[in-house]
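Notes follow once the structure below has been shown.
The values are calculated or read from the model by the stated rules, or taken from the named source; none is laboratory data. Bear in mind the structure is a predicted one, so any value in this text is a computation, not a measurement. All Cβ positions, glycine included, derive from the backbone under ideal geometry; neighbour counts span all protein chains shown.
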Amino acid sequence: MIIVTGMFFFGCSSRFETSTGSNARYFHALDSLFTSAYTQYEQGKYDTALKRFNLLAAVDSLCIHYEGYAFRAQCLLNLGYGGVGLSSLDSAIAFAERNRVSNIIDSTVILTDLRQFKLEFPNLPSYLLPSGGFVPYDSLPRATERSLARYSDAAIKKFVSGYVIVEYRLNALGVVTQLNITESSDKIFNESVLSVADNWKFTPMVKKGRKIPSKVLIPFLFRIR
């Protein structure tokens, strides 16, 4: 039996079949932590919110919810530690500059926003205010059109299974601006994948109410059973 599938996920690993579930749980935990911290902030419970935003900063190594840095600074400001709040934004910028951050969000977006947070402190940028369209959650890109690769005659003859991972870079409208193969178990599959990769279409990523550039990873699986 010949099986070809095109999955949809946001983490890159050659062991994607086992990592996808753990990635989903990780992202869900981050979402819940940010929402919880923001709810406390909105209720004026700055001490509790600060603790949760500190925890988020410790575990969100990919800066998925980097907006938490801005709200953490606001918590410190409201608790009478405005200077510490400003310093915390410097630390966030330094962290993003020296580390590999999100494999979902364009790193230039993260750094630009973090610098904007510092520039406008002690105020929040308008897009982090409910009046500016802010909502405390993200909407990830979604595939609206898909196309599966064909199992090539050469691969069938070789009787080999494998996979190819394609990275799509999307602009703020969800339009694909660039795609490339980031990982492949066997080059014998690459041509087949590239022949259909252009056919995939996506919705844009909406980051706390704003459409932003993003990245999507699509693994194409080839199996012979």
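Overview of results
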| quantity | calculated |
| --- | --- |
| Hey, V216 closer than 20 Å to D138 by Cβ, touching an Asp or Glu at 6+ places or on another chain (Cβ under 7 Å), touching a residue at least 60 places away in the same chain (Cβ under 8 Å) and assigned to a strand (DSSP E or B) or not | no |
| Within segment 161-181, tally of residues that are β-branched (V, I, T) and exposed (fewer than 15 other Cβ atoms within 10 Å of the Cβ) | 2 |
| Filter result (of a type in the set (A, V, I, L, M, F, W, C) and at pLDDT 95 or above) within segment 60-77 | A70, F71, A73, C75, L76, L77 |
| Any pair with Cβ under 9 angstrom, 6 or more apart, that starts in segment 147-162 at a residue that is farther than 24 Å from D198 by Cα and ends at one that is of a type in the set (A, V, I, L, M) and in a helix (DSSP H, G or I) | K158/I188; V160/I188 |
